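Report on one structure; see the data block that follows.
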6 protein chains.
Amino acid sequence: MVSRPPPNHEHIDEEMIKIEVNLDDISGEWLGYVMDKLFEAGANDVYYSAIYMKKNRPGILLQLLCSRENIEKMKEILLKETTTLGIRYYPLTVHRMERRFINVQTEWGSVIVKQGIQHGEVFQSSPEYEDCKAIAQKHKVPLKKVYAEVWKLIDQ
Amino acid sequence: MVSRPPPNHEHIDEEMIKIEVNLDDISGEWLGYVMDKLFEAGANDVYYSAIYMKKNRPGILLQLLCSRENIEKMKEILLKETTTLGIRYYPLTVHRMERRFINVQTEWGSVIVKQGIQHGEVFQSSPEYEDCKAIAQKHKVPLKKVYAEVWKLIDQ
Amino acid sequence: MVSRPPPNHEHIDEEMIKIEVNLDDISGEWLGYVMDKLFEAGANDVYYSAIYMKKNRPGILLQLLCSRENIEKMKEILLKETTTLGIRYYPLTVHRMERRFINVQTEWGSVIVKQGIQHGEVFQSSPEYEDCKAIAQKHKVPLKKVYAEVWKLIDQ
Amino acid sequence: MVSRPPPNHEHIDEEMIKIEVNLDDISGEWLGYVMDKLFEAGANDVYYSAIYMKKNRPGILLQLLCSRENIEKMKEILLKETTTLGIRYYPLTVHRMERRFINVQTEWGSVIVKQGIQHGEVFQSSPEYEDCKAIAQKHKVPLKKVYAEVWKLIDQ
Amino acid sequence: MVSRPPPNHEHIDEEMIKIEVNLDDISGEWLGYVMDKLFEAGANDVYYSAIYMKKNRPGILLQLLCSRENIEKMKEILLKETTTLGIRYYPLTVHRMERRFINVQTEWGSVIVKQGIQHGEVFQSSPEYEDCKAIAQKHKVPLKKVYAEVWKLIDQ
Amino acid sequence: MVSRPPPNHEHIDEEMIKIEVNLDDISGEWLGYVMDKLFEAGANDVYYSAIYMKKNRPGILLQLLCSRENIEKMKEILLKETTTLGIRYYPLTVHRMERRFINVQTEWGSVIVKQGIQHGEVFQSSPEYEDCKAIAQKHKVPLKKVYAEVWKLIDQ
């Protein structure tokens, strides 16, 4: 969903920003929509936490990660689609590991697996959710059975 | 804040009800207000939890405890002040311990302490928050210092 | 999304059940999937809360509401798609208000509005999210502007 | 509640600080009190999140935003009123939009509405909660009805 | 940790109780301790949720499941170890699936795996956490590697 | 549990780092384990919050505080023991108050109390949890009674 994904080799990215907004006058319905808009516009990640705000208000802390050059695009969406008049942010460093994508053949079709590599060794293997979900729905098997099958087929 | 408080002797109350409402289209601002209204109308307790609802919506689960005879009053407020069209509830049993209220004299004034009694013995002593708060504000002492002082003066 | 929706007139439903499952050995990825499956199979509502479980584990409490006749279908999905070996449930009463659906014409197209009725009076008007979302996306207007427009056009 | 509010024109504020404290040995009663004290002393915002801490402890993460010159005042309160011995903080940037305040006449009295302005255009209109609450209580109308009325009267 | 565990064959248990307590005047430190005490005394499960209580208080909802005959034991601990003066509860039904325990030999030692059985078929396999943890610590391998190994060795 | 604790006199530490990881494909069981590993390796604090992630996923935000020189050790554990391929971090300032440890003699044995000192004055006294817990278990007294006794014996 990310418009310009980071490269696949191991690298340190110093150009990342975390944006935060506190919201106590917006409904959950709208927040579900806002998350999608932010991803579509190139946010690297977006997530909410429940917070306790003044006057006994359950509120939401919206957090998002984006590259510095995307700040203005994110602000634009936050102003248009949420109820905030103020947006705060600060820089952070992201260390991304080398990743590669392999293809695993299951009895129901192929699944992409994202692998994390360090010192030439695979330390992580994550079956792509969308592939597994498509198989689970098409073949009417439990999702967890699809994952289990993929894990078995990987030489971890 | 409760309109008709339960009696102070130990008893089992079989006439209590828990009411629940899921909310995904209301703001935190309104929810702060609703809580007060429900207490004023005689709810024994009201509390919110953050929940994950469909379509990526952060929602709120409103729960309240009231006696069976108060159900209609509670429903009325929930319909008027929240955005729900459905209200669910079920009975529960409440075991309330014997409680008594004693007066503790601190250097800044008196504080009511609520005590829990079982088999004639005090197993719990809770200084009243509003009393301690009033002292903390008037005498400009930290709230925790007021509590500490009260605890010292109680023969626990 | 509900397979057999409750009727639109005001009624008390005594045939509802709440099912609960505690989960500490399942990933968030799978839980997103499970929620959809339960709705598709006829759950009236499904929601998660974050809970603190033993051994310092962040866990999830899955709750769902369904009619008594759907219990077996729900159990089947929970066993197949989650990691639980035990499912608990209890009956509850649901009071549902009269609801009717009206059509509101905005400058961008029509939106269904769900209204709550009590004693012949409208006490609640909720624009349908999917209609508003479709307009927001097609006409590239902020979602909140679509809602604001609909609210203006309703004689609340 | 903020002692020295930021200006109303659009501006970037580079002098803001976020302070954080983790708390696992304080009661909810005291935390309700601490929030008020921090706002009174000039915090721009204060909010809590529930966190999972070591040894199976549900804890609270207290976060607050203040200007750099207020750090010492905030620390003082945190040490006096909470149980922490350590306070952490870091700078952040706040982009605040132009805001103006208009007066809306409802059938029950006037309500201040805070509006957000960008490129000379209103993109946000928030009725002041305290005004709406006062009307709701005095005229015994649901709070949501007051908001709905105000929204209708604004030329958004 | 449960004193009298339920039987391993599939069964419906109608003798289960859920106990609930709201807490806003107790610290996280004590709550970590209380959970262990309740498990030791025979609770089938104990878990906390963060709740929003009156007067801006972050509170904790303690929930526990136990058999009807254990209610008094649980109450005793709740009164002694928490700050509550009232305890509420209601009955629920638990449907437990057939479970059996198999032994899986890994390169580092054996691991018990709990399996769920329905219609004679294994639909669930959960490696015992304590076994995997002991191996991970003794052999200095990542815990997830131990689980992955066990899953591979099971004929799921 | 911290490998190299900060000094006991009041100081400002500019060499602290906060590391964050978002997790939506890991179970609660593993997260309980990871927390211990991070503390053992010298993290100053580790804590989780429940977050709402894309595709309706309940996720966990892992946060930890460590000194700059420990970053690599922490990354190593996060890669080995969690499912992440990316780790983000940023510097923060920690103001730690002067602390000293005194010994309090109760009727059941001695308890260490950590005290916070400012301008030569004690503003905080925290009985050590592990000492109180050991007494509570050995002498079969409620934990809260042990704390109450220690507080009484301290000249606060």
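Descriptive notes on the structure:
- For the stretch D:127-137, filtered to residues that are touching a helix residue (DSSP H, G or I) at 6+ places or on another chain (Cβ under 7 Å) and among the aliphatic types (A, V, I, L, M), the residue that is farthest from B:Ile26 (Cα to Cα) is D:Ile135.
- Filtered residues of the stretch C:61-80 (kept if surrounded by fewer than 21 Cβ atoms within 10 Å (Cβ to Cβ) and under 11 Å from C:Leu23 (Cβ atoms)): C:Leu61
- Of all the listed residues (D:Arg100, D:Arg88), the sole one being basic (Lys, Arg), at pLDDT 95 or above and farther than 19 Å from D:Phe39 by Cα is D:Arg100.
Residues checked against (1) within 30 Å of A:Gln118 (Cα to Cα); (2) touching a residue at least 60 places away in the same chain (Cβ under 8 Å):
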{"position": "A:Glu10", "(1), (2)": "yes, yes"}
{"position": "A:Leu23", "(1), (2)": "no, yes"}
{"position": "A:Ile51", "(1), (2)": "no, no"}
{"position": "A:Ile60", "(1), (2)": "no, no"}
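- The residues of the stretch B:147-156 that are buried (at least 18 other Cβ atoms within 10 Å of the Cβ) and over 17 Å from E:Thr83 (Cβ atoms) amount to a single one, B:Glu149.
- Residues considered: D:Glu72, D:Glu81. Of these, the only one that is among the acidic types (Asp, Glu) and more than 12 Å from D:Met35 (Cα to Cα) is D:Glu72.
- Cβ separations smaller than 6 Å between residues 6+ apart or across chains give the following pairs from the stretch A:66-93 residues that are farther than 25 Å from F:Glu72 by Cα to residues that are in a helix (DSSP H, G or I) and among the basic types (Lys, Arg): A:Ile77/A:Lys37; A:Glu81/A:Lys37; A:Ile87/A:Lys75.
- Meets criteria (modelled with pLDDT of 95 or more, in a loop (DSSP other than H, G, I, E, B) and within 23 Å of E:Lys55 (Cβ to Cβ)) for B:Ala43: yes
- Test result for F:Gln124, out of contact with any helix residue (DSSP H, G or I) (no Cβ under 7 Å at 6 or more places or on another chain), at pLDDT below 95 and either within 11 Å of chain D (Cβ to nearest Cβ) or surrounded by 17 or more Cβ atoms within 10 Å (Cβ to Cβ) (or both): yes
- Conditions (1) of a type outside the set (S, T, N, Q); (2) closer than 26 Å to C:Lys37 by Cα; (3) more than 14 Å from chain F (Cβ to nearest Cβ); number of the one not met by C:Tyr52: (3)
- From the options E:Leu85, E:Leu92, E:Leu143, residue that is in contact with a Lys or Arg (Cβ under 7 Å, 6 or more places away or on another chain), away from chain B (no Cβ under 14 Å) and either buried (at least 16 other Cβ atoms within 10 Å of the Cβ) or at positive phi (or both): E:Leu143
- Hits in the stretch D:98-147 - residues which are under 18 Å from C:Ala148 (Cβ atoms) and among the polar types (S, T, N, Q): D:Thr106, D:Gln115, D:Gln118, D:Gln124, D:Ser125, D:Ser126
- Of residues in the stretch B:27-58 being farther than 23 Å from D:Glu130 by Cα and out of contact with any Leu (no Cβ under 6 Å at 6 or more places or on another chain), the one surrounded by the fewest Cβ atoms within 10 Å (Cβ to Cβ): B:Gly42
- On inspection, B:Lys140 does not qualify as touching a helix residue (DSSP H, G or I) at 6+ places or on another chain (Cβ under 6 Å) and either at pLDDT 95 or above or under 27 Å from A:Asp24 (Cα atoms) (or both).
- The set of residues in the stretch C:17-45 that are at the interface with another protein chain (Cβ under 7 Å from one of its Cβ atoms), under 25 Å from C:Val94 (Cα atoms) and among the hydrophobic types (A, V, I, L, M, F, W, C) comprises C:Met35, C:Phe39.
- Residues that are polar (S, T, N, Q) and either at positive phi or touching a Lys or Arg at 6+ places or on another chain (Cβ under 9 Å) (or both), drawn from the stretch F:34-70: F:Asn56, F:Gln63, F:Ser67, F:Asn70
- Answer residue from the stretch F:127-140, given it is buried (at least 17 other Cβ atoms within 10 Å of the Cβ) and under 20 Å from the mean Cα position of the chain (by Cα) and is farthest from the other protein chains (Cβ to nearest Cβ) among those: F:Asp131
- D:Leu23 meets the conditions (1) more than 23 Å from F:Gln124 (Cα to Cα); (2) touching a helix residue (DSSP H, G or I) at 6+ places or on another chain (Cβ under 8 Å) in every case but one. The failed one is (1).
- Hey, A:Lys75 under 19 Å from D:Leu64 (Cα atoms) and basic (Lys, Arg) or not: no
- Pair list, Cβ < 8 Å and 6+ apart or interchain, from the stretch F:113-129 residues that are charged (D, E, K, R) to residues that are not in a strand (DSSP E or B): F:Lys114/D:Leu85; F:Lys114/F:Glu128
- Residues in the stretch B:1-40 that are β-branched (Val, Ile, Thr) and in a strand (DSSP E or B): B:Ile12, B:Ile17, B:Ile19, B:Val21.
- Of residues in the stretch F:95-115 being within 13 Å of another protein chain (Cβ to nearest Cβ) and touching a Ser or Thr at 6+ places or on another chain (Cβ under 8 Å), the one surrounded by the most Cβ atoms within 10 Å (Cβ to Cβ): F:Val113
The values are calculated or read from the model by the stated rules, or taken from the named source; none is laboratory data. Please read these numbers as outputs of a predicted model, since none were measured by experiment. Glycine also receives a Cβ, built like all others from the backbone with ideal geometry; neighbour counts cover every protein chain displayed.
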